[in-house]
Amino acid sequence: MSILITGVAGFIGSNLARAFLCKGKKVIGLDNLCRGTLSNIGDLLALPDFRFQRVNISNLNEYRNALNSILGGCTVTEVWHMAANSNIPAGVNDAGVDLRDTFMTTFNTLEIMKELKISTIAFASSSAIYGDLGGAKLVEDIGPLFPASNYGAMKLASEAAISAAVESFIDKAYFFRFPNVIGVPATHGVMLDFIRKLKVTPDNLVVLGDGTQQKCYLHVEELIDAMLFIREKSSDRRNYFNIGADDEGVTVKYIAEQIVKTVSPEASISYGIGNKGWVGDVPKFSYSIRKLHNLGWKPKLSSAQAVAHAVKQIALQEIDSTVC
Ligand SMILES: NC(=O)c1ccc[n+]([C@@H]2O[C@H](COP(=O)([O-])OP(=O)(O)OC[C@H]3O[C@@H](n4cnc5c(N)ncnc54)[C@H](O)[C@@H]3O)[C@@H](O)[C@H]2O)c1
């Protein structure tokens with residue numbers, strides 16, 4: 001009896017696999033390593049309860065063949081589908097990126113679930129499905145939804161495809177709508193970008209946009225805790241939850257200042273023009289997590305505390321990778 005995690009070598013997938021293995025579960029992990037790395041799961045590869053296969057799951061035949069070769073008599077009881085394109089601007093420039101890595105990976109996962117009679121899916125959705133509502137509180141039941149990026153569009157389309165599958169061949173679906181998740185091993189995101197930029201130009205940090213973008217940040221340890229909590233406590237056929245910090249978030253300016261203070265205290269910060277980092281960026285959002293509160297889970301860290309914790313972790317990660 002195993003749990004299948006797609007995108008297992010990525011930031012969230014690797015933390016999730018570790019959490020399941022700590023609970024004594026068996027994990028089968030798939031990833032094409034387009035962004036995730038083997039070093040993210042290096043400590044897991046030797047464990048008897050963990051099996052990994054490198055595969056592009058946007059190709060259904062490859063997906064099927066990889067599972068045939070790795071399952072070896074194991075039964076998969078549920079899928080945690082974490083694989084997606086995580087470079088949102090790349091999907092704005094080329095919509096095919098999100099069609100392939102964000103939507104087709106979901107579509108194919110559902111096909112595989114039908115073939116293998118797997119009854120439960122947990123899906124990494126996103127605040128990006130809500131689009132740009134000018135900072136209005138994002139509540140799970142609002143609609144109609146108009147995403148502002150192809151990434152958000154393909155996440156929303158994935159939710160729709162999963163919902164339809166619930167009507168026909170799967171029993172239960174979990175839609176976890178994350179805000180910005182931070183921590184290690186960081187594979188992408190504003191904090192990693194800033195730290196890497198400062199490595200190249202230690203005297204100056206160039207920020208895309210005017211720094212006033214304000215978003216909610218959640219540490220990955222809290223995200224995993226919340227997802228496992230929801231999985232245990234909520235048993236509707238469709239379980240959909242915002243997961244986030246319980247505040248209005250912090251600005252990009254705040255993050256830039258924290259990073260400069262930690263990594264390169266003498267550096268100046270140059271801001272761009274306008275409050276969007278890229279086309280499809282949502283400059284301000286405010287997240288309602290009342291539904292999650294009502295279920296009984298509350299985050300321990302504010303967005304600012306999560307940022308402070310993650311800045312130190314990512315800075316260390318980057319020093320270690322330079323030393324290696
Ligand atoms: N990190 C965040 O802030 C955040 C916010 C909202 C939603 N999410 C969602 O959470 C999930 C995990 O995100 P993450 O931050 O860990 O990103 P990540 O890029 O670190 O992980 C995604 C993994 O999927 C893999 N992948 C992509 N396309 C694939 C394909 N065709 N076949 C096989 N593997 C493929 C990548 O190699 C990567 O390891 C994603 O679905 C993402 O959209 C993340």
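Laboratory data are not the source of any read-out in this text; all were calculated from the coordinates shown. Keep in mind the model is a prediction, meaning the values are calculated, not measured. Cβ: placed from backbone, ideal geometry, glycine included. Neighbour counts: every protein chain shown.
Per residue, the chain reaches -12500 deg cm²/dmol at 222 nm when only DSSP H runs of four or more residues are counted, each adding -39500 (n - 2.57). Highest-first packing order for the peptide set 223-233, 243-253 is 243-253, 223-233, based on the mean count of other beta carbon atoms within 10 Å. Relative contact order of the chain, taken over Cα pairs closer than 8 Å and 6 or more residues apart, is 18 percent. Each of 215, 117, 291 has some number of other Cβ atoms within 10 Å of its Cβ, and from fewest to most they run 117, 291, 215. Between 265, 213, 289, the Cα set farthest toward the positive side of the dipole of the range 199-324 (charges on each charged residue's Cβ, about the Cα centre) is that of 289. Lysine pair count for the range 119-271 (Cα-Cα distance under 20 Å; residues 8 or more apart in sequence or on different chains): 11.
Between 61, 72, 97, the Cα set farthest toward the positive side of the dipole of the chain (charges on each charged residue's Cβ, about the Cα centre) is that of 72. For the peptides 200-210, 101-111, the ranking by mean Cβ contacts within 10 Å, running from highest to lowest, is 101-111, 200-210. Taking amide H as placed 1.01 Å from N in the peptide plane, the amide H of residue 56 sits under 5 Å from none that are at least 5 places away or on another chain. Percent of C-alpha pairs per 10 Å bin in the range 64-200, short distances first: 11, 36, 34, 15, 4, 0. The Cα center of the range 57-94 and the Cα center of the range 25-47 differ in position by 13 Å. About its Cα centre, the chain has a charge dipole of approximately 480 debye under the convention of +1 per Lys or Arg Cβ and -1 per Asp or Glu Cβ, with nothing else charged. Counting every other Cβ atom within 10 Å of each residue's Cβ, 292, 44 order from fewest to most as 44, 292.
Considering only the chain, what is the antiparallel percent among its DSSP beta bridges, to the nearest 5? Antiparallel: roughly 5 percent of the beta bridges in the chain.
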